[in-house]
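A short write-up of the structure that comes next.
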Amino acid sequence: MDAEAQKAGEKRVKDCLIDPLVGLGLLRPAGMKVDQFDAMREELARKLAYMTAANLAALAEQITSRPQGKGSDRWPAGPLVLQWGIAIQAPPDDASPLLRAIFAHATGQEAIAAGYAPELLVWAKKNRSFPKSFMVSTIRKDADNAMRRAAELERIERDGEALSAEETAWLERRRAATEKCRKIGALSLETAHED
């Protein structure tokens, strides 16, 4: 998400989620200072900027149906709002700071270079955590057949032989997934240079 889209998304979150909930009178979570509450709402706007207006309205409805506190009149904690938001509309891969960090890190760069980046991406999206070295080994081992198949199909292509339509489609999907991982990692590096 570029800076302009991010800014528009943050305004959408404010207009479709934050302002309506404030207008309903939801109070800050108990024990949270005003500046912390303001920071929480800013962070929610930043992290939920990818969501559509309709899905933000759905999230607002979910929040109002589950208010927190003794009087049922308080905002849920920020992490809970984010979890609910992800359940309604998962962020695109390029909007996920976690995926950006994984593919900018040596772990992701190694996966791209070695050919198991598509499997690492699937695992990271499912588990939403940074993989430890044992898990990376498992992911790589599980990707062996796909990596061998890709290498064989690429060898056939280099030798000038024709691939079947199914083989070509499979190889193109795999290449596209690897390129997607490369771009996700590059976004993290671009963001670091902007700061």
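The values are calculated or read from the model by the stated rules, or taken from the named source; none is laboratory data. No experiment lies behind these values; they were computed from the predicted model shown. Quick reminder, even Gly has a Cβ in these numbers, built from the backbone with ideal geometry, and neighbours come from all protein chains shown. Keep in mind that these areas ignore ligands, DNA and RNA; they rest on the heavy atoms of the full protein, side chains included. Shrake-Rupley method; radii C 1.70, N 1.55, O 1.52, S 1.80 Å.
Across the options S188, A143, Q62, the greatest Cα extent toward the positive end of the charge dipole of the chain (unit charges at beta carbon of Lys, Arg, Asp, Glu) belongs to Q62. If I fit a long axis through the Cα atoms of helix 78-88 and take the longest principal axis of the Cα atoms of the chain, what angle between them do I get, 0 to 90°, rounded to 10? Here the helix axis deviates by roughly 60 degrees. Per residue, the Cα convex hull of region 5-50 amounts to 60 Å³. Loop-located trypsin sites (Lys or Arg not before Pro) in region 1-66 (DSSP state not H, G, I, E or B) with no more than 15 neighbouring Cβ atoms inside 10 Å: K33. Here the chain was treated as a single set of alpha-carbon atoms; its pair distances binned every 5 Å from 0 give 1, 7, 13, 15, 13, 12, 11, 9, 7, 5, 3, 2, 1, 0, 0 percent.
For region 18-44 and region 119-183, what is the separation of their C-alpha centers, rounded to whole Å? Centre-to-centre (Cα) distance: 43 Å.
Helix 117-127 and the long axis of the chain differ in direction by around 30°, with both axes built from C-alpha atoms.
Please compute the per residue accessible area over the chain with all protein chains in place, 1.4 Å probe, rounded to a whole number of Å². If you can, show how the numbers build up before the last one.
Working: 11460 Å² over 195 residues.
Ligands and nucleic acids excluded, the result is 59 Å² per residue.
Tell me the GluC sites (Glu not before Pro) within region 13-99 that lie in a loop according to DSSP and have at most 15 other beta-carbon atoms within 10 Å.
Here no GluC sites (Glu not before Pro) fit, given the DSSP loop and packing criteria.
Per-residue ellipticity at 222 nm for the chain, helices alone: DSSP H runs ≥ 4 residues times -39500 (n - 2.57), over residue total, nearest 500 deg cm²/dmol?
On the way: 11 runs with 137 residues, N = 195.
After summing the helix terms and dividing by residue count, I get -22000 deg cm²/dmol.
Descending by average beta-carbon neighbour count within 10 Å, the peptides 165-174, 109-118 line up as 109-118, 165-174, the highest first. Once the Cα atoms are used to define both axes, helix 3-13 deviates from the longest principal axis of the chain by about 40 degrees.
How large, in percent, is the carbon and sulfur part of the accessible surface of the chain at a probe radius of 1.4 Å? Roughly 54 percent of what the probe reaches on the chain is carbon or sulfur.
Loop-resident trypsin sites (Lys or Arg not before Pro) (DSSP state other than H, G, I, E or B) in region 104-159 with no more than 13 further Cβ atoms inside 10 Å of their Cβ: R128, K132.
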